[in-house]
Structures are given as C-alpha cells and as structure tokens.
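Participant: Sharing a structure with you now.
What follows is calculated from the coordinates using simple rules that are stated; it is not laboratory data. Bear in mind that the values here come from a model prediction, so they are computed numbers and not experimental data. Backbone-built Cβ (ideal geometry, glycine too); neighbour counts: all protein chains shown.
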Amino acid sequence: MNELKSETATTVHGTNPALQSKRKRLLLMFGLAIVVIAICYAIWHLFFASHSVETDNAYTAVEVAQITPLVSGPVKQVNVVDAQQVHAGDVLVVLDSANAQLAVAEAEANLARTKRQVRQLMANDVNLAGQVDLRSAEKHAADADLTRLRAELDKAVIDVKRRRNLVDEGGVSKQELTDAETHLREAEAAFKQAQARVDVSVAANVAAGGARQANEALIGDSTVENHPDVQAAAARLAEARLNLDRTIIRAPVDGVVTQRAVDVGQHVQAGGRLMSIAPVMQIHVDANFKESQLREVRVGQPVRLTSDLYGDDVVYYGRIEGIAGGSGSAFSAIPAQNATGNWIKVVQRLPVRIRMNPDQLAKHPLRVGLSMRATVDLDAGAHKSS
C-alpha cells in the first residue's frame, strides 16, 4: 500500500525517470534539428543565396503593334476577331476603295496630259529655232537693202549737186533738176524706210531669241520622262496608287489580335486605332528588383524564370537585356516629394528587362501580363552595360 502511494506521488509531481528521459530526447532532437536547419541555411546563403537574387514581382510584356489606317474611309470588311493568331502580311481590314480608284484614274490622266504638254514644249523649241533663223535672215536682207538704198541716196545727192551747177550755165534744164531733186527725196524716204526695217528685224530677232530661251528654260537638260512636271505628275500618281493599296490593312508582325475596335460599315479616320497585335513570340519579362538587390546585377547575366501559368514544372532561361533608367515612382505622373518634411523611406524597385528564348516560348507559349518568378545568377555571363 505504501509503495503504491509512493509511485502515485512520483507520477503526480512529474519526477518519473522514464518520462524525463523521453522529454530530454525530444528536446535534444529538436535542438539538433534547429542546428541542422541553421547549418543548411548558412550553407545555402554562403554558396547559393549570395550568388543570386530573386523576385516574384515580374510580369511578361511585349511591344504591342497598334493597327491604324493611313487613309480615311468606310470599312468594307473585317477579317479577324480578338484572340485570333495572325501572321505578318495577313489582311486584317479592307476599306472601301471607290474614291481611291477614282483618284488613281485622275492621276493617270493628269500624267498623260502633262507628258503631252512637255512634248508640245519640245516641238515648240524646233519651231522657235526656225523663227530665230527666219528673223536672222530677215535682218540680213534688211541690212543688204539698206546698203543698196544708201548707195542710191548717195548717187541722188551727187546728181542734184551736178544739176544745180549746170542749171546756171544752161547745161541742163530746170525740169531735170526738179526730177533729180524729186528722186533724191524718194531715195531719202526709201533709205529711212530701210533703216526702220532693219530696226524691226533686229527687234524681231531679239524677240524670237528670247522666246526660244524662255522655252528652253522649261525643257532644258530634260527628256519627256525626267521633266520636272512629268515627275511631279508621276509622284501624284504613285501617291494615289499608294493610298489605294492602303485601303487594305495588313498585319505588320506575327501575333495575336487584341482590343479590336472596328466593325463593318464604320467610317474610320487616318490615325485612329482599329486593333492591336501582341507579338507573343517576342515576349520579354520586366522584373522589378529592389534597389538593394541590384548591386551586382549586370546586362548579360543568365536568368531562371518560372511562370504561375505552368508552375515550377516549366523553366525558362533568359538573359538580362537592360536595366531601366529610373524607378517607376521617378517617372510617375505625380512623383514622390522626398524633399518635404513628411517623408517616409520606401524601398524602390527598378525594372530589369529579361530577354526570353523563342524556342522555349514556342514550346510553352505565354501571354502578356502573366506573373513570373525571376532568379538572376550573379556569377555567370555578365558584362557591364555602357
């Protein structure tokens, strides 16, 4: 009875040796586990963590192609819908081309008319050259006639002088003197008329030469095809044909159609956005690292990437392509006023652009805006960015 009471008292007061031994073993095992965990953490931090930086503040991004018309007009046909895969050159939208076709026809007619006008200018040059030669010949004829009439005038003057000397002596009659004087006056008039004809021929020759020079200024050093007027008309025709081609809107890149905002019958204006195309095979990752993580991050370092879409089963490998020139807050619409008295220090993040492997993207496609986890290897393949 006394032994039972003694055992009961020992159990009540917690002095059972077996229980104490078990408790010690548990405490020892727990302590050893903590030590092992601490050692493992130290090894991981020393050999692995200190040689890489990681962030889950990372998202896929891409330079989206905006589809905008270069000419205005009503929409005749829309060939795509949102989320549709397209290739570069595929027809997305067709605008009504009636006005553009009329503009092409008008430009073609204007080009043909301009070529005829240039040919006419070149034909006029031949005609004006003949006019110059004709006026030159007329001037020579007028000069010769003036020389002849000058000789006749000189002879008439001499005849009058002789007859005046002979009239007093009775050698000639007064009638002969009168006839000689009349002939002199006629010779003087003819001489003056010849002088006027010479002046007229000179003026006509100058006018013909000026007309030809003016015409040559329009066609000088050119043919019908390279004449400036013809080239200007050809440029207007090329512009009209280009506007006709622009009524068919094609995909500039391979990608996926997003944000379609155009329907058949809608009248679109040049420059208005119709839709966007996300070139998903050119996706990159924008990883926002803390400023304290960027001390050893350099362009060219390899990056291990996983996505929330596929989980840890799919690993992407990329490289750092560039580091942003400033944090997001620095370029925000209302930047932080750190110079004020109410300032609270916040750890900033800097976007780092990571180029992805196209082959891996083809095997495991991603879309824009998906969450990613990025781990940068600080020891391999780095070079300082300029």
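Participant: Kindly put S371, S292 in sequence by how many other C-beta atoms sit within 10 Å of each C-beta, fewest to most. List each step's numbers first, then the result.
Facilitator: Numbers: S371 13, S292 9.
Arranged by neighbour count, lowest to highest, S371, S292 become S292, S371.
Participant: On to the next question. Would you please give the residues with an amide H less than 5 Å from that of V299, counting only those at least 5 places away or on a separate chain, with H modeled from the backbone geometry?
Facilitator: H383, S385
Participant: What are the ³J(HN,Hα) values, in whole Hz, obtained from phi via the Karplus relation 6.51 cos²θ - 1.76 cosθ + 1.60 with θ = phi - 60°, for each residue of region 253-260 in sequence order, with x given for Gly and Pro?
Facilitator: 9, 6, x, 10, 6, 9, 6, 5
Participant: For G322, which sequence-distant residues (separation of 5 or more, or a different chain) have an amide H within less than 5 Å of its own amide H, given hydrogens modelled in the peptide plane?
Facilitator: The answer is R353.
Participant: Classify region 216-324 as rounded, prolate or oblate, taking a ≥ b ≥ c as the square roots of the eigenvalues of its Cα gyration tensor: rounded when a/c is under 1.5, otherwise prolate if a/b is larger than b/c and oblate if not.
Facilitator: On the way: a/c = 4.16, a/b = 2.15, b/c = 1.94.
Prolate shape, in that a/c is at least 1.5 and a/b is the bigger ratio.
Participant: So, one more: Between beta-carbons, use under 11 Å as the cut-off and find the net charge around P279, counting Lys and Arg +1, Asp and Glu -1.
Facilitator: Residues close to P279 contribute a combined charge of -2.
Participant: What ranking of H87, H183, H140 emerges when the number of other C-beta atoms within 10 Å of each C-beta is taken as an exposure proxy, fewest first? Display every interim value, and only then the final one.
Facilitator: Details: H87 10, H183 16, H140 13.
Going from least to most buried by this count: H87, H140, H183.
Participant: Determine the sum of side-chain charges near L95: Lys and Arg each +1, Asp and Glu each -1, restricted to other residues whose C-beta is under 14 angstrom from that of L95.
Facilitator: Details: positive: K76, R246, R250; negative: D96, D245, D263.
The answer is 0.
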